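Some notes on the structure that comes next.
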Amino acid sequence: MKKRFKTCAAIAMAAITFSLCSVPALADSKNFVINTEGSALPIPETYTVTKVIKSLDATEYSKKLAADSEGGESANVKVGFNQPQDIFIDKRDYIYVADTENNRVVKLDNNGKIILEITSAFEDGSGNPLALSKPRGVFVENGETEAEDIIWIADTGNKRIVGLTANGENYLEYGKPNQLNSARAKTFDVEKIYKNDKGYMFALKGDSLMKIDENNVFQGMIGTAEVEFSFMRFVVKTFGTQAQIKSLEEGRAIPYSNFMIAKDGNTYGVLSEGSDQIRRLNSTGDNNYPSGSYGYANYYDVNSADPYTPIEPRFVDVTANERGIVSVLCGDTGLIYQYDKEGNLLAAFGGKGKKKGTFETPTSLALDSKERIYVLDGTGANIQIFEPTQFIELVHEAINHQLDGEYSEAQEKWEQILKIDSGYFLAHKGIGKIQYREEDYSAAMDSYELAEDKTGYSEAFSEARHEIFRNYFFWLIVVIVLIIFGIGKLFVTIKRRADKWAFNIEMKGEL
């Protein structure tokens, strides 16, 4: 009996172990893409961590503060982050961090040396400098020279936006605009900010982006995302009281998690839930990013209390380069997903953990001028800098060549990529597009089949069928005519023989 029990227990343990190993774990964060069946397929390494900034170098900055003070006393500058929430890289590749729980914004160089620390801005009601309170966003408006830079801070706890000069002096303060009476913006505790080249300030407040001009005049909300249909919402709208309907309408939008304005002029945002989480807003606030579900829907955490329930993607930040390549950060899994402007997944990497290349609670990401990705970890209190590998650089080059209409160069890059990874879907798809454009539909069908692109294959097949029809149209007509002529000839012959047979029968009857 005991032997049988031990055998059953061993089988049960083996089954559990196998089931847990059969799903991707957060601790096992490899580079991958997702096929049409929703499975993760490994790809070559796309980004490597080249630097981790954790303990800041405040030596020179402390000396400068001491020298500037009347008593010449040494200044006490914190050298560690405390739940930082936002990171921004300016055009000079300086790093700005909203160090939220330290109630400050710091400017750093690439080695983590503090260049500037901002802890207060403007004055309170008593005429004293007003300390920053839980700042959650930072943006830098670069001038022609570094001295002309303006540092904008979402001073969330103080319900204001403040602008300071490059050396930390007061420049401009935004309070809640008088025109802002929306039920969804009763307070002005904005979390993220950006300013475009036309002088408009965009501030994230819950489910929408507020647009404010340079005179602190509210210009409206943009990019509001409607909630998907649900039966319960339909019932409330149909049979509910006025108060219930009003409450439903006030909460109708899916909140934004973050946003940024890219060099291509588009505003990129990520929603906290639902489909179409990645959004690309044009100048009128309309979303023109391809519709669909993004992220990995079948990702599991074997270390959680419920290892059999997949973790829904929840994006917390987004960044994009000038060619429309988008990188989004998933807060619950620690994964970074990268997509092209058509919504094709280029790579996924990162993950949850404490080792280099993974994150405890990632909060924000940004790109520098060399296309390196900086990821801010709130709980881990560090910045990790990811350098692109040759593989992902080839992918970017191929995409850029294809966007510029340089198809032979693009195909050359795609073929180089396939030599590294013969199963990389996007390379087959890219080559298929080029072959389709060159009207080599048969080859395009083969490439689209390898890319698992049903739409592309269907289009290539349709064109191949039309091409066959066009090429053989004359002979097809000839064959049809011959068939018709043959059928007619056969009908005449049969009719003659039938008439002759009937005549013979009739003659015999008369005899």
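The values are calculated or read from the model by the stated rules, or taken from the named source; none is laboratory data. As the structure is a computational prediction, the values presented were derived from the model and not from experiment. Counting neighbours? That spans all protein chains shown, and the Cβs are built from the backbone with ideal geometry, glycine included. In case anyone asks, the SASA skips ligands and DNA or RNA and just uses the protein heavy atoms, side chains included. Shrake-Rupley method; radii C 1.70, N 1.55, O 1.52, S 1.80 Å.
Just a few scattered comments:
- One residue stands out in segment 446-461 among those that are modelled with pLDDT of 85 or more, part of a helix (DSSP H, G or I) and not acidic (D, E): the one that is nearest to S408 (Cα to Cα), namely S447.
- Single match in V97, V105 (criterion: open to solvent by less than 30 Å² (accessible area, probe 1.4 Å) and within 11 Å of D155 (Cα to Cα)): V105
Condition check ((1) modelled with pLDDT under 95; (2) open to solvent by 60 Å² or more (accessible area, probe 1.4 Å); (3) of a type outside the set (G, A, S)) across all residues:
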{"site": "D149", "(1), (2), (3)": "no, no, yes"}
{"site": "I161", "(1), (2), (3)": "no, no, yes"}
{"site": "P177", "(1), (2), (3)": "yes, no, yes"}
{"site": "A185", "(1), (2), (3)": "yes, no, no"}
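- Long-range neighbours under 6 Å by Cβ, at least six apart or interchain, first residue more than 14 Å from E173 (Cα to Cα) within segment 202-223, second open to solvent by less than 30 Å² (accessible area, probe 1.4 Å) and basic (K, R): L204/K192
- Cross-chain or 6+ apart pairs with Cβ under 7 Å, segment 62-73 first and modelled with pLDDT under 80, then of a type outside the set (V, I, T): G72/A66; E73/A66
- The set of residues from segment 474-511 being modelled with pLDDT under 70, open to solvent by less than 100 Å² (accessible area, probe 1.4 Å) and either within 30 Å of Q435 (Cβ to Cβ) or acidic (D, E) (or both) comprises just one member, L476.
- Hey, A121 touching a strand residue (DSSP E or B) at 6+ places or on another chain (Cβ under 7 Å) and within 24 Å of K355 (Cα to Cα) or not: no
- A131 passes every criterion in (1) crowded, with 16+ Cβ neighbours inside 10 Å; (2) modelled with pLDDT of 95 or more; (3) hydrophobic (A, V, I, L, M, F, W, C) apart from (1).
- Summed over segment 401-445, residues that are open to solvent by 40 Å² or more (accessible area, probe 1.4 Å), closer than 25 Å to R372 by Cβ and assigned to a helix (DSSP H, G or I) total 6.
- Just one residue in the set G380, G350, G357, G423 is touching a residue at least 24 places away in the same chain (Cβ under 8 Å), over 22 Å from the mean Cα position of the chain (by Cα) and within 28 Å of K51 (Cβ to Cβ); that residue is G380.
- The set of residues in segment 366-400 being out of contact with any helix residue (DSSP H, G or I) (no Cβ under 6 Å at 6 or more places or on another chain), among the charged types (D, E, K, R) and assigned to a helix (DSSP H, G or I) consists of E393 alone.
- Conditions (1) open to solvent by less than 10 Å² (accessible area, probe 1.4 Å); (2) at pLDDT 95 or above; (3) in contact with a Phe, Trp or Tyr (Cβ under 8 Å, 6 or more places away or on another chain); (4) within 16 Å of A262 (Cβ to Cβ); number of the one not met by L281: (2)
- Subset of segment 350-365 that is open to solvent by 10 Å² or more (accessible area, probe 1.4 Å) and assigned to a strand (DSSP E or B) - its residue that is modelled with the highest pLDDT: T363
- Just one of (1) farther than 23 Å from E191 by Cβ; (2) open to solvent by 20 Å² or more (accessible area, probe 1.4 Å); (3) modelled with pLDDT of 85 or more fails for N303. It is (3).
- In segment 108-128, the residues that are out of contact with any helix residue (DSSP H, G or I) (no Cβ under 8 Å at 6 or more places or on another chain), in contact (Cβ under 8 Å) with a residue 24 or more places away in the chain and surrounded by 14 or more Cβ atoms within 10 Å (Cβ to Cβ): L108, N110, G112, I118, A121, F122
- Residue check for L172: free of Cβ contacts under 8 Å to residues at least 40 places away in the same chain and part of a strand (DSSP E or B): yes
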